[in-house]
Amino acid sequence: MPSTAARVVLVTGVSRFLGARVANTLQADPGIERVIGVDTVPPTAPLGRTEFVRVDIRTPGIAKVISSAGVDTVVHLSLVTGQGGPRAKAKELNVIGTMQLLAACQRSPDMRKLVVRSSAAVYGSSPKDPAVFTEEDEAVEAPAHGYAKDTAEIEGYVRGLTRRRSDLTVSVLRFANFLGPGVDSPLTRYLAMPVVPTVLGFDPRLQFVHPDDGVEVLRRMTVEDHPGRFNVAGDGVMLLSQALRRAGRPHVPVPAQSMSAFGGLGRRFGGMPAFSPELLRWLMHGRVLDTGRLTAELAWRPKYGSEEAFADFASGFGRGAPLALLDRLAAAIGRD
């Protein structure tokens, strides 16, 4: 389709898994003259012809980079999902960082396109949710905690930018949870726990996005014009019980109020996640997205369905759990 040519592209969060993959994909496009990757820490893997600039998007330095390089397209991927570290710092990186970035985009006369990695977390998780969320649906219970709340705020700031700069092509992508080899997130750490706790009485419906499909969607949104909001998920749905059974993961149902005991042990034994309120609600109620708008817009379907994405991730799992750890978990539940 006709497009606003992306010649100088800036990718935020380039030192992280998704940002690095997107930058490497974009730099292979002969129509893109420059790819500039920014982050607060240097990348650990080679970025090819992508130019790395160490800058904190919470500071005015990001505006200097956009202005001096004549950036016309920004791909904003540097959202922190809350996988450890102080919550206040994550919120500052997500919300304040995005505000500074959008202000820089608004002031730049060269800017033509903005692609934003958002999250299906904006829909929340509630027992009153619709069976399937479309892009026109709103959260039944607005996210009030953590990454989900950050994402809702970020989308609000992006809508404000589109009103002030109606000439920009803005694409907002509400991704389901990424799942595949190399993905490190609260979800993958949860699934990799030696014993996976599930919430007694709940078996949520889940969807996943394979990184290969996520990168392809981001590439298409960058080199083509597809303004609007889009749900992004692999085809199909999995029950949590089905996923754990297929992966051979030891799991045990516990009351919701006992999940904190597992989170505490997980932090002591291997850096597993704390169970934030939004993660706990997702493990109870799940979330399913309608991706019809995306597939119609791109005339494309993901290579990996939710089941295939999970299988690719789970292929790296070991089997079983030490009996001693099971004993410690049981004792912790008894004390909770």
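The values are calculated or read from the model by the stated rules, or taken from the named source; none is laboratory data. No experiment lies behind these values; they were computed from the predicted model shown. Heads up, the Cβs are rebuilt from the backbone with ideal geometry, glycines too, and the neighbour counts pull from every protein chain shown. We work out accessible area using only protein heavy atoms, side chains counted, and drop any ligands, DNA or RNA first. Shrake-Rupley method; radii C 1.70, N 1.55, O 1.52, S 1.80 Å.
What percentage of the solvent-accessible surface of the chain, computed with a 1.4 Å probe over protein heavy atoms, is contributed by carbon and sulfur atoms? It is 55 percent, rounded to a whole number.
With runs of 4+ DSSP H residues as the only contributors, calculate the mean residue ellipticity of the chain at 222 nm using -39,500 (n - 2.57) per run, divided by the residue total and rounded to the nearest 500.
Here the helix-only value at 222 nm equals -11000 deg cm²/dmol.
A 1.4 Å probe run over the chain, with the rest of the protein chains in place, finds 42 Å² accessible per residue. Here the simple spin-label model places points 7 Å from the Cα toward Cβ, and for ALA103 and LEU239 these points are separated by 5.0 nm.
Contact order for the range 116-200, expressed relative to its length and based on alpha carbon pairs under 8 Å spaced 6+ residues apart, stands at 36 percent. Here's the list of aspartates and glutamates a cross-link from LYS303 could span, going by alpha-carbon distance under 18 Å and ignoring same-chain residues fewer than 8 apart: ASP212, ASP213, GLU216, ASP235, ASP290, ASP312. Summarising the label geometry, the points placed 7 Å from Cα in the beta-carbon direction at SER67 and ASP167 lie 1.7 nm from one another.
For the range 202-231 versus the range 137-186, the inter-centroid distance based on Cα atoms is 12 Å. Report, to the nearest 10°, how far helix 259-268 tilts away from the longest principal axis of the Cα atoms in the chain, using its own Cα long axis and a range of 0 to 90°. The two axes meet at around 70 degrees.
Over the chain, the pair-distance histogram of Cα-Cα distances with 10 Å bins from zero comes to 5, 26, 34, 23, 10, 2, 0 percent, rounded to whole numbers. Heavy-atom accessible area, probed at 1.4 angstrom with all protein chains present, ranks GLU136, GLU307, GLU155 as GLU136, GLU307, GLU155, highest first. Between VAL183, TYR147, VAL172, whose Cα lies farthest towards the positive end of the dipole of the range 104-207 when Lys and Arg beta carbons carry +1 and Asp and Glu beta carbons carry -1, centred on the Cα centre? Value computed over the given set: VAL172. For the residue pairs LYS89/LYS149; LYS64/LYS113; LYS89/LYS128; LYS128/LYS149, alpha carbon separations beyond 25 Å are given by LYS89/LYS128. For the chain, the residue among ASN24, VAL217, THR295 whose Cα projects farthest onto the positive side of the dipole built from Cβ charges is ASN24.
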